[in-house]
1. Once a ≥ b ≥ c are taken as the square roots of the eigenvalues of the Cα gyration tensor of region 331-484, is the result rounded (a/c under 1.5), prolate (a/b larger than b/c) or oblate (a/b not larger than b/c)?
2. Considering only C-alpha atoms, what is the centroid distance from region 127-202 to region 362-399, in Å?
3. Just subtract the alpha-carbon distance of residue 390 and residue 195 from 0.36 nm times their residue separation and send over the number in nm, one decimal.
4. Gain in length, residue 10 to residue 246, computed as 0.36 nm per residue apart minus the alpha-carbon separation, to one decimal in nm?
5. Roughly speaking, what is the stretch gain from residue 308 to residue 490, that is 0.36 nm per residue apart minus the C-alpha to C-alpha distance, in nm to one decimal?
6. Return 303, 458, 50 ranked ascending by Cβ neighbour count within 10 Å, so the fewest neighbours appear first.
7. Using just the alpha carbons, could you tell me how many Å³ per residue the convex hull of the chain encloses?
8. Residue 187 versus residue 415, label points 7 Å from Cα toward the beta carbon: distance in nm?
């Protein structure tokens, strides 16, 4: 038992440190349980065949079908038409529709869809995005409390009951409690929370008054780019003449990036600048817009016989009829995370240039091609408008959150949108009326999404958050180890002896607080996998119903309001909303306390002890 608690403690520390991926930590825990002989191979690997793992993977595919066919985007555009212009009314509308979608879809995917929508609303209504994006994130978390499939913790606690041979929670068992939490969240954010949020200028193309696009000079200043853009002209005698940009390799040789190439005027006609691409062949008198330090540009000019025309480039030159600037925020499942732009060949893949990178609201000084990217990084990129428009189709690696002057076209409903919607409704019907086991209904819907062409199998695999799947599969054996060695009984007995001796309500409060505390720093799924069996065992020892105790564990796991690292959706809005850590603490802590009080009042009424 001591060994199991040691492994558990190490696992929690590694989760909180964020030094390793969550799924890697979970697999390490499984290996330690195997190597110490606490679990047999069959017991250690049982999590990978657990129905909960298949359910969560299948739900990711079903949700992706709705995103790919444009159903989710259409709902977002409907919000634009119905929301109005008042700040409080807008917050209410955003939270209602986002919570509704998050009750059935991935909260991260829902926030990814609504980020550009809410930024656009802020620009059109004159409201600071700082006031709107945190309510967006909180609504997605609260929405997970509304249904059984809203968030993995709900499925975990239901599975705990089913594993013990007890009737699990139904599809809408969470709805009454979740609805109360949603009302509290909306009223709080519309009346109090928004006033606790600062009025900050936006980093994603919106001016301080929000009514007009931010001017390029101000945006470039936010990224600390003034003084790092220059215009140079290639002399006829330059060794660059006749070379392609790939052959010139200025980025590696001089730490200078070419932004665009302006050919010389021909027969009195001025040619538009071309976005820098590796295959462009350089000609005499071509003018290059380059990004680099003054010293690096001067060294390039001296070595390669190019003439520096200007070192104080007009920021407006970056935006033309052909080219523009947008900002991208990396998503939690981005394949770019942990790699540099050079390693992933970002410029060659997307045909846009990364001008600068913001991290936690501050520009990075290191060369962009050498920066190891992290979740939540904001990339300022420049390219032609057609390429920028194509970036909107990328949902797995990044989200477009801001643009200058020319809004790209949003994804329209496809002809398969009604099919995707029908599949989703059919799945909900099968689960709600218990026509078949939940895992069967979810897998049926996932396969139907692929067979009907709502998305390809490759897109389905990319949509699955494999980190979450492996995390759950890896942590389930930990509960088995705790139970097998008596650790579960010890933890439950401790809670029962201390809090249960006071009252069952005190035990509920203790479980909520402990679960909520863990969920501010580590995965809510991992927290629930650990806390659910302890809550169940405590209920058995105290002789009370396990339903209310497991319900508060699930609810507390979704109250990740107080830190930006508590949930991927919080991190996703961190950069675009220009939030600080203290913003989450100041706004999220009172909401968390209100959720605790509401849980203690409502849950025992709906699920008597």
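1. Oblate.
2. Here the answer is 30 Å between Cα centres.
3. 66.5 nm
4. Contour length minus the Cα-Cα distance gives 80.2 nm.
5. Here the segment from residue 308 to residue 490 would lengthen by 58.1 nm.
6. Ascending number of Cβ neighbours within 10 Å: 458, 303, 50.
7. Enclosed volume per residue, from the Cα hull, is 160 Å³.
8. 4.9 nm
Computed from the coordinates by the stated procedures, all read-outs in this text should not be read as laboratory data. Remember, predicted model here, so these are calculated numbers, not experimental data. Cβ sites come from the backbone with ideal geometry, for glycine too, and all protein chains shown count toward neighbours.
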